[in-house]
Amino acid sequence: MPNVRTRIAPSPTGFAHVGTAYIALFNLAMARKNKGKFILRIEDTDKKREVEGGIKVIEEGLKWLGFTWDEFYRQSDRLDVYKKYAQRLLDEDKAYEEDGGIILRVPREYVSWQDLIRGEITFPKEEMKDFAIIKKDGFPTYNFAVVVDDIEMKISHVIRAEDHISNTPRQITVYQALGAALPEFGHMPLLRNADRSKISKRKNPVALSWYQQEGYLPEALVNFLCLLGWSHPEEKEIFSFDDFVKNLDLARVRKTGPIFDRDKLDWINGEYIREMKNEDLKAKIYDFFEGKYDKDLVEKLVPLVKTRIKTLKEFDSLCSFFLATSEVEVDRKLLGRNYKKHLAAAIAALEKNESLDKVPQKNGFKVGDFFMDLRIALTGQKITPPINESIEILGREESIKRLQKVLG
């Protein structure tokens, strides 16, 4: 497919939306598959909605995912371009001035296009009415600026969310008025919750920064986004971005809105963690917690928790007790009724450097009850890395101190 040029065009309203990442993913993959260009264009002409630093947030979010763009534009740098095109339409009597703005004359004809995902879409002529292309403040309207930009930037494929379907007829009339060829349009399904409602910042964590702060791996999130509305031809669940690029076919995109299933994301992220080399995971965890954990400690803990965590952040919930230095808070309500006998026997074994595995049988304890009391007394938690290995890392002296503290 020659001269493929795609784009993502977010507005700097304060955060990088996961929906923006979803659409960017398919545009980037389409460009890379066809050795084309992927363009990041910031739509910042609505100054009332713009948030200071919003552009940087978008750039950083996309870079975190590993997305790179070939060209970058800001609409606010191009106001003279829009005025030039609007003046041309006025000169050709295809537009007229009214109340300080410029209005496009729209033929009362039906508008139709062949959508790459949804097939033929037609809007009746009754819905086609004149509309503003330049507002009275001199700024272009969305449906005018986006077409001028797509013409000037030679965009070949406009791949975007389905909520833009209603904008497409107006945009097509702008293309036609300017005598420009239409790009290919493809409207992706909106991401939805289990109840079929659209994901939104009021209901859901939609900022990319949230996923970064929660310890999701960017490559796992990208893998997850690939599977929303699209399926791998080999029915794979885990695959790389390069594999996605190789197999991308918009005909495989489903029209119905995919469910944004966080449980599925957690599973995928966990799979990526389990497949990482211990050395790489150690570095990821160390960097994520910004040095809170000593590198040597992380190195010892990684093999113990690798199969137990689904995000980097979960490392802390499992392992924070290693940093407590005898100051672990223990809720005695969690302990069993025989906890004093259990802990006393454990202390005696540790002092003699004997195996804890033999303590239950030697004393007639239930194995599960003994080790649960030991776990809670040492860590303050019911869920931890394997307790024998944890004691080895804590050291016998520290372990005995903690048990003695709980015994009082």
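The values are calculated or read from the model by the stated rules, or taken from the named source; none is laboratory data. This is a predicted model, so every value here is computed, not measured. Quick reminder, even Gly has a Cβ in these numbers, built from the backbone with ideal geometry, and neighbours come from all protein chains shown.
Check off (1) at pLDDT 95 or above; (2) of a type outside the set (Gly, Ala, Ser); (3) outside any strand (DSSP E or B) for Phe38 and give me the number that stays unchecked.
Failing condition for Phe38: (3).
Among the residues of the stretch 265-288, are any out of contact with any Pro (no Cβ under 7 Å at 6 or more places or on another chain) and of a type in the set (S, T, N, Q)?
yes
Condition check: assigned to a strand (DSSP E or B), within 26 Å of the chain's Cα centre (by Cα) and outside the structural domain of Thr20 (by TED's automatic domain parsing). Does Val158 satisfy that?
yes
Give the residue that is surrounded by the fewest Cβ atoms within 10 Å (Cβ to Cβ), with candidates limited to residues of the stretch 11-35 that are among the aromatic types (Phe, Trp, Tyr) and not in a loop (DSSP other than H, G, I, E, B).
If we take residues in the stretch 11-35 being among the aromatic types (Phe, Trp, Tyr) and not in a loop (DSSP other than H, G, I, E, B), then Tyr22 is surrounded by the fewest Cβ atoms within 10 Å (Cβ to Cβ).
Quick one: in the stretch 246-272, of everything that is hydrophobic (A, V, I, L, M, F, W, C) and assigned to a loop (DSSP other than H, G, I, E, B), which residue is nearest to Leu225 (Cα to Cα)?
Across the stretch 246-272, the extreme among qualifying residues is Phe260.
When the residues of the stretch 350-377 are filtered to those that are assigned to a helix (DSSP H, G or I) and acidic (Asp, Glu), which remaining residue is surrounded by the most Cβ atoms within 10 Å (Cβ to Cβ)?
Asp373
Can you tell me which of Glu120, Glu97, Glu126 is farther than 22 Å from Tyr142 by Cβ, out of contact with any Ser or Thr (no Cβ under 6 Å at 6 or more places or on another chain) and part of a strand (DSSP E or B)?
Glu120
List pairs: first residue in the stretch 39-52 and under 24 Å from Lys154 (Cα atoms), second residue acidic (Asp, Glu) and modelled with pLDDT under 90 anywhere in the structure, Cβ distance under 9 angstrom, at least six positions apart or on different chains.
Matching pairs, first to second residue: Asp44/Glu50.
Taking only the stretch 41-59 into account, find how many residues are surrounded by fewer than 14 Cβ atoms within 10 Å (Cβ to Cβ) and part of a helix (DSSP H, G or I).
Number of matching residues: 1.
Would you check which residues across the stretch 378-390 are surrounded by fewer than 21 Cβ atoms within 10 Å (Cβ to Cβ), not in a loop (DSSP other than H, G, I, E, B) and not acidic (Asp, Glu) and list them?
Ile387, Asn388
Let me confirm something: among Asp242, Asp249, Asp195, Asp287, which residue is out of contact with any Ser or Thr (no Cβ under 6 Å at 6 or more places or on another chain), outside the structural domain of Trp64 (by TED's automatic domain parsing) and either over 23 Å from Thr311 (Cα atoms) or among the acidic types (Asp, Glu) (or both)?
Asp287
Write out, first by first residue and then by second, each pair whose Cβ atoms fall under 7 Å of each other, whose residues are 6+ apart or on separate chains, and whose first residue, in the stretch 273-289, is in a loop (DSSP other than H, G, I, E, B) while the second is at pLDDT 95 or above and buried (at least 18 other Cβ atoms within 10 Å of the Cβ).
Pairs found: none.
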